1. When the helices in the chain are scored as -39500 (n - 2.57) per DSSP H run of 4 or longer and the sum is shared across all residues, what 222 nm value do you end up with, to the nearest 500 deg cm²/dmol?
2. So for region 248-299, considering every pair of alpha-carbon atoms, how many percent are separated by more than 14 Å?
3. Return the loop-located trypsin sites (Lys or Arg not before Pro) in region 138-167 (DSSP other than H, G, I, E, B) with at most 12 other Cβ atoms within 10 Å of their own Cβ; answer none if there are none.
4. Sticking with the crude label model, points 7 Å out along Cα→Cβ, report the distance from residue 35 to residue 338 in nm, one decimal please.
5. ³J(HN,Hα) across region 165-175 via Karplus (A = 6.51, B = -1.76, C = 1.60, θ = phi - 60°), whole Hz, x for Gly/Pro?
6. Calculate the spin-label point distance for residue 106 paired with residue 317, positioning each point 7 Å from the Cα along the beta-carbon direction, and give it in nanometres.
7. So which DSSP H runs in the chain come out at 24 Å plus along the axis (Cα) with average Kyte-Doolittle of at least -0.5?
8. Taking just the alpha carbons, could you work out the radius of gyration and Dmax for region 353-408, both in angstroms?
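Read the figures in this text as sums done on the coordinates, not as results from a lab. All of these numbers come straight from a predicted model, not from anything done at the bench. FYI the Cβ positions are ideal-geometry reconstructions off the backbone, even for glycines, and counts take in every protein chain you see.
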Amino acid sequence: MSIDRLTQELAELALISAHPTPAVTRVLFSPEDLAARKWLLDKAKAAGLLTRIDPVGNLFITLPGSDPELPSIATGSHTDAIPNAGAFDGTVGVLGGLEALRRIRESGDPPRRSIELIMFTAEEPTRFGIGCLGSRMLAGTTSAEEARALTDADGLKLDDLRPPECRGNLEDVALPEGCYEAFVELHIEQGPLLEKEGVPIGLVERIAAPAAFRLRFVGNGGHAGAVLMPDRHDAFLAAAETALLVERAALESGSPDTVGTTGVLRIHPGAINSIPCDVVMEIDFRDTDLDARERAIARIRDGSQEIGARRGVSVEWNVIHSDPPAICSPHLLDTASACATSLGYSHRRMISRAYHDSLFMARLCPTLMIFIPCRNGWSHRPDEYASPEDIGRGVDLLTHTLLELARK
Ligand code: HGY
Ligand code: MN
Ligand code: MN
């Protein structure tokens with residue numbers, strides 16, 4: 001089956017970006033995000049599929065089954081992109097899912113269960129500092145009230161940003177458990193394993209548990225020339241020492257999968273001749289081993305207080321989110337493995353170190369992720385790349401797996 005249509009669409013979507021190609025930037029409810037949503041809905045309608053949008057902006061594209069009362073089979077991913085990202089993170093799962101639905105519809109043999117493609121709102125944390133907002137709300141992990149309280153760097157809230165077509169009641173987003181029979185997400189690996197081993201397909205058993213924290217350091221500030229070093233309470237240096245502790249706690253956690261990143265730092269007043277008096281720092285910390293993660297985080301939290309006390313800087317610790325890892329469905333793993341074997345695709349079981357909407361869909365129904373290789377394992381950068389051949393195998397397997405699940 002030709003992959004040209006999908007390859008062409010991935011290239012088209014990549015051009016809907018706040019930054020010039022090859023960079024891709026599409027932040028929640030930015031003009032580019034809204035344009036990408038409209039582009040996708042137009043594609044879905046042109047394919048004769050049903051579409052709807054929920055109050056937080058999750059898009060649902062449905063291929064009705066012959067027995068529509070049965071719980072549907074779902075697939076999906078995201079099209080939002082962090083600043084200076086690539087063309088394949090998330091989009092392979094959304095456009096690959098659209099391609100699968102079109103192929104099934106074009107086969108003329110309707111599935112028994114309806115198959116629903118979901119484009120999740122805000123998988124990336126860029127706008128509000130929390131990832132997977134759309135799937136968290138579908139799973140009821142984030143309430144409407146918590147979502148309304150979120151503010152972006154400009155103080156804007158969800159209700160300031162939601163486009164007219166998403167104007168419904170946020171309380172209506174959450175879905176009941178069992179609403180879907182299964183959920184399968186196709187995604188690039190965002191790691192080097194599959195390419196290194198020359199294996200075209202990864203079947204994900206566990207999705208790492210992400211936790212994120214916002215720290216605020218408040219010191220005395222002052223004139224960069226007039227305040228002598230022993231008299232300083234420099235908020236940035238307390239943050240810098242804490243960032244190094246994040247690295248050490250991850251390296252010394254006792255688990256090879258622990259990763260810690262200080263990716264956001266805001267310094268006030270941010271003038272070259274003024275000592276930083278107020279610094280906000282955001283930490284992303286993950287592991288598939290929850291105990292190892294929690295031990296390392298406790299070390300960072302206690303250490304940051306010790307650093308602040310020693311430097312005369314106050315330290316505020318806020319949890320942005322702290323989620324348990326997801327375990328994928330053994331039944332779905334076996335189903336996809338049998339489909340891959342029938343297609344002649346070698347495959348391996350593995351973990352996901354990135355988080356995905358599957359992390360929250362796993363709270364609603366049996367869930368599986370299918371990975372394909374990406375060049376050098378690179379992702380979240382403009383030179384992120386997945387070949388048409390690898391994407392084609394991923395879509396073949398996704399299509400066969402969805403069909404297999406939808407016929408039961
Ligand atoms: O950060 C992640 O793991 C995902 O790409 N948002
Ligand atoms: Mn991403
Ligand atoms: Mn992603």
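1. Value at 222 nm, helices only: -10500 deg cm²/dmol.
2. Across region 248-299, Cα pairs with separations above 14 Å total 57 percent.
3. 167
4. The answer from the label model is 4.6 nm.
5. With coefficients 6.51, -1.76 and 1.60, one gets 5, 10, 7, x, 7, 4, 5, 8, 6, 4, 9 Hz.
6. The modelled label-to-label distance comes out at 5.5 nm.
7. Answer set is 235-251, 388-406.
8. 13.7, 41
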